[in-house]
Amino acid sequence: MTMVGLPLILFQVDAEMGDLEFIQGKVLASDYFQVTGAINAITDTIEYVPATGKTAFLIEAKIVITNHATLSLSVNSNVKDMVQASLKIDSVTKDTTNIGIQADGSALTSAGGTPAGAGVGTIGDGRFNVLGLSLVGNSSKKIEIENTLDDGSAIATMSGYLV
């Protein structure tokens, strides 16, 4: 009697790896970086300097407002809580983003007897476009986020991996 059957496959070929598994591998291999810090004044920066021979690829970069000012309805009140920042690679600006609000108010009454006021809503989303951005390290070139227009307080964060 002859037996005919399917071949036994001992491993999977061309298995696809998801984003989380890829990042997990980079973290376990110590090839992942994340930098976070305050950029509360113009020219404040956070930066990452890749080692010589390593190429740093960005995954994400953003700024987030940290001090939410309260509008006081005194005689005249103006609140600005906005930050603009640039993402630079080897001193070349690759993208700019901003985030924040501005509000104006007055406790003075208009002719109708009601307080007057005005406001400007959210400006920007605070995220940089990092697709395709990388830097080959030489121990002095850097990736940085720099505060370029300040009327508030912000935290900057960037993350990526090394090859």
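Coordinate-derived values only; no laboratory data. Predicted model, so just to flag it, every value in this text is computed and none were measured. Here the Cβ is made from the backbone with ideal geometry for all residues, glycine too, and neighbour counts use every protein chain on show.
A few points about this structure:
- Hz values of 3J(HN,Hα) by residue in region 125-136 - Karplus curve (6.51, -1.76, 1.60), Gly and Pro given as x: 10, x, 9, 9, 7, 10, 4, x, 8, 8, 8, 7
- Ordering ASP19, ASP31, ASP81 by the number of other Cβ atoms within 10 Å of each residue's own Cβ, fewest first, gives ASP19, ASP31, ASP81.
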